[in-house]
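Each remark here refers to the structure printed beneath this line.
The values are calculated or read from the model by the stated rules, or taken from the named source; none is laboratory data. Remember, it's a predicted structure, so these values are computed and weren't measured experimentally. Here the Cβ positions follow ideal geometry from the backbone for every residue, glycine too, while neighbour counts run over all protein chains shown. For accessibility, only protein heavy atoms count, side chains too; no ligands or nucleic acids. Shrake-Rupley method; radii C 1.70, N 1.55, O 1.52, S 1.80 Å.
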Amino acid sequence: MSDRFGRFEDLPEGRRRAVVDAAAEVFGGEDYARASTADIASRAGVSKSQLSFYFHNKRELYLYVLGALTRRVAETVVDERW
């Protein structure tokens, strides 16, 4: 992605996926204003301060998750014949 998320990208794949999956679940179940970063951190098995270390605010996390999910869909749908 970008240097902006470099620290997060350096985490092991399993940890990154846990955060993205937890955030997708929370953002998908609530409107943006009600989605809680504390809830995301809890579901991902990280502390809220760790989440804040990687993402300066909820908007940054949301945009990262949106990009990550878009890439997952593209990788699933697009094949060699595309």
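Below are the figures for this structure:
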item	result
Computed lengthening from Lys48 to Glu80, 0.36 nm per intervening residue step minus Cα-Cα distance	7.5 nm
Cα→Cβ-extended label distance, 7 Å offset, between Arg7 and Arg71, nm	1.9
Calculated log10 I(q)/I(0) by the Debye sum over Cα atoms at q = 0.14, 0.24, 0.27 Å⁻¹ (choose from [x] -0.46, -1.41, -1.57; [y] -0.46, -1.21, -1.48; [z] -0.36, -1.19, -1.56), label	[y]
The chain, helix-only ellipticity at 222 nm - DSSP H runs n ≥ 4, -39,500 (n - 2.57), divided by all residues, nearest 500	-21000 deg cm²/dmol
Selection of GluC sites (Glu not before Pro), segment 3-45, meeting DSSP coil and at most 16 other Cβ within 10 Å	Glu30
Probe 1.4 Å, protein heavy atoms only - accessible area per residue of the chain in square angstrom	68
Longest segment of the chain lacking trypsin sites (Lys or Arg not before Pro) that sit in a DSSP loop with at most 16 other Cβ atoms within 10 Å	35-80
Charge dipole magnitude, Cβ of K and R +1, D and E -1 - the chain, Cα centre, debye nearest 20	220
Cα lying deepest toward the dipole's positive end in the chain, options Gly67, Phe5, Gln50, charges on Cβ	Gln50
